[in-house]
Amino acid sequence: MYNPDIESASISEKRELQLIGLKKTVENVYENVGFYKQKFDELQIKPKDIRSLEDIKKLPFTKKKDFRDQYPYGLFAIPVDDVARIHGSSGTSGKPTIVGYSERDLKNWGILVARAIVAAGGRKSDVFHNAYGYGLFTGGLGLHQGADELGVATIPISGGNTERQITVINDLKPRGICGTPSYVLSIIEKMEELGMDPRDTNLDYGIFGAEAWSEEIRLKLENKLGIKAVDIYGLSEIMGPGVASECHEAQDGLHIADDHFFVEVINPDTLEPVADGELGELVFTSLQKEALPVIRYRTGDIASITHEKCKCGRTTTRMSRVKGRTDDMIIVRGVNVFPSEIERELLQIEGLSPVYQIQLIRKGVMDAIELHIEIEISLYEQVGCDLLHESIMNMKRKIQHKLKNSCLISVDVVCNAPKALPRSEGKATRVVDKRNSSPVSV
C-alpha cells in the first residue's frame, strides 16, 4: 500500500476524518461559493447544522447542469489567480465543463493516483507507459501526476500513432501501461497484424478506465497481454482518475479514497439511499478539495458499494465496477438495457472481435437496435471472406438468441469484415443514435 495507515484505517478512524473534512468543506462552500450559499439559504441550512455524517442528507445535490450554468468559474472557491491548473470535460453545448485545482489539490491528486498504481501492482522502479490522452481531459495528466508522485519513469506517449506505441513498448520495456481499454485493444490488434505476440512484451499490469468495460474485455486484455488488468474510476467534476481503483490481489471492487470523498448510492428516481450491494446512482462529496469543492455530486454512474474488508487488507469502501450511466440506458419497446449487458453476452461468442457498435434506428414508427459486429480475421479467412457463410449465419442467430434470453431484446445483427468498424484512440463510441436526421453519438 502507498498510504497503509489511511488505506487500512479502522471504520471509526475513517468516519472521524470524513466528518472533519465534511464540516470544513461545507463551511468553505458556504463562505466562498455563491451558488452553494444560495442553495443552502433556500433550504435554510447553515454549516453549523452539519454535526454528523448522516446530516449530509440535508445538503442539496449538485448536477452536471450546475457546472454548465456556472461556466466557467462560478463553482470555484478560490480566486482564479490562485488556481494552479484548469481541466475540462466535453459538454453537450460544445463548451467544456471547467474544473480547477490548487497546488494542494494537485498534490493530493498525485497521492491518490500513486495509491492506484501501487494497488495495481506498480512500484517505484517501474517504467510506466501512459497512453491516455493529454490535454483538457484529466486522464493523461492525472495518471502522470500519480506516476510522478510514486517516482516511476513515465513515458508520456498519450494516445494515437499506434505503431509508435508498439515500438516504445518493445524498446523501452515498460512494466505498467494505462489507457482506455478500447485503445489498448487496438494496440494489441496492431501487434498481431504485424506478426507479433503481445504476450512477449515486458508488461505486467495495466490500469484501464475512462469508459465502461466488462469482465469479458478484462479477460481479453489479460489473456492477450499476459497482465493483470485493473479498473480505475474518476470524474473531472470530482477530481479525475484516482477517486477509486481496483487492487490486483482481489480485482473485486474499486477502493474509494474515503479520506478524500464521501460516497452515497441513491435511487435515481426517488433520490433515497439504497442498501449496500444494491445498484443505484453514485453520489460523491469532496472532503479536502480547495479550488473546486463539490457537495453531493450526482455522477449518473450506476454501481453498488460495500464496506466489507478486502482480502488485500484495505478497509476502504469499495464500489462495484460501473454497470452503466443513467443517461446511457437504452430503452427499446419498453425494455431497459445497458450497453455493458450487451457487451457481456457478445464477447462470450468465439470468433468475434471486441470491437462493436450499437446503432439505434427506426423501423417505421418503432425503435430498433442494429448491432454491428466484427468477425475475427482467423474466422474470416476460414470462411473464405464470405460474410454470408453458414458459420457466420449461425453466429448471428446465436447472438440474437443470447440477447433475447439474457437481455430480453431483439436485435438485427450486421456482420462486418475485420477492421471495418471505427477504432478509437480515446473513449470508444459504443452507441450511435440514428433515430434523428442527424445521428448523435451517446
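Assorted remarks:
- A Förster distance of 60 Å, applied to the separation of the beta-carbon atoms of Asp197 and Glu31, puts the FRET efficiency at 0.50.
- Shape parameters for region 330-441, alpha-carbon atoms, Rg then Dmax in Å: 14.0, 40
- Shape of region 283-325, Cα gyration tensor, a/c cut at 1.5: oblate
- Taking every DSSP beta bridge that has both ends in the chain, the antiparallel portion is near 65%.
- Taking 0.36 nm per residue of separation and subtracting the Cα-Cα distance, full extension of the segment from Ile11 to Glu54 would add 14.0 nm.
- Förster radius 45 Å - calculated FRET efficiency between Asp148 and Met393 (Cβ-Cβ, nearest 0.05): 0.25
- Over the chain, DSSP H runs of length four or greater, each weighted -39,500 (n - 2.57), average out per residue to a 222 nm ellipticity of -9500 deg cm²/dmol.
- Overall, the anisotropy analysis places region 69-164 in the oblate class: the square-rooted eigenvalues a ≥ b ≥ c of its C-alpha gyration tensor yield a/c not less than 1.5, with a/b not exceeding b/c.
- Hypothetical label at Asn170: residues of region 176-216 whose amide nitrogen lies under 14 Å (7 Å Cα-Cβ projection): 188-202
- Span from the region 1-46 Cα centroid across to the region 125-163 one, whole angstrom: 30 Å
- Normalised contact order of region 82-231, rounded percent, pairs of Cα under 8 Å and 6 or more residues apart: 20 percent
- Annotation for region 288-350: trypsin sites (Lys or Arg not before Pro) lying in DSSP loop with at most 14 further Cβ atoms inside 10 Å of their Cβ are Lys309, Lys311, Arg333.
- Members of Lys323/Lys419; Lys14/Lys289; Lys37/Lys65; Lys23/Lys65; Lys58/Lys107 lying beyond 20 Å, as alpha-carbon distances in this model show: Lys323/Lys419; Lys23/Lys65; Lys58/Lys107
- Residue by residue, region 207-222 carries 3J(HN,Hα) couplings of 10, 10, x, 6, 7, 5, 8, 9, 4, 5, 5, 4, 4, 5, 4, 5 Hz when phi is fed to the Karplus relation 6.51 cos²θ - 1.76 cosθ + 1.60 (θ = phi - 60°); x denotes Gly or Pro.
Read the figures in this text as sums done on the coordinates, not as results from a lab. Nothing here was measured: the structure is a model prediction, and the numbers come from that model. Counting neighbours? That spans all protein chains shown, and the Cβs are built from the backbone with ideal geometry, glycine included.
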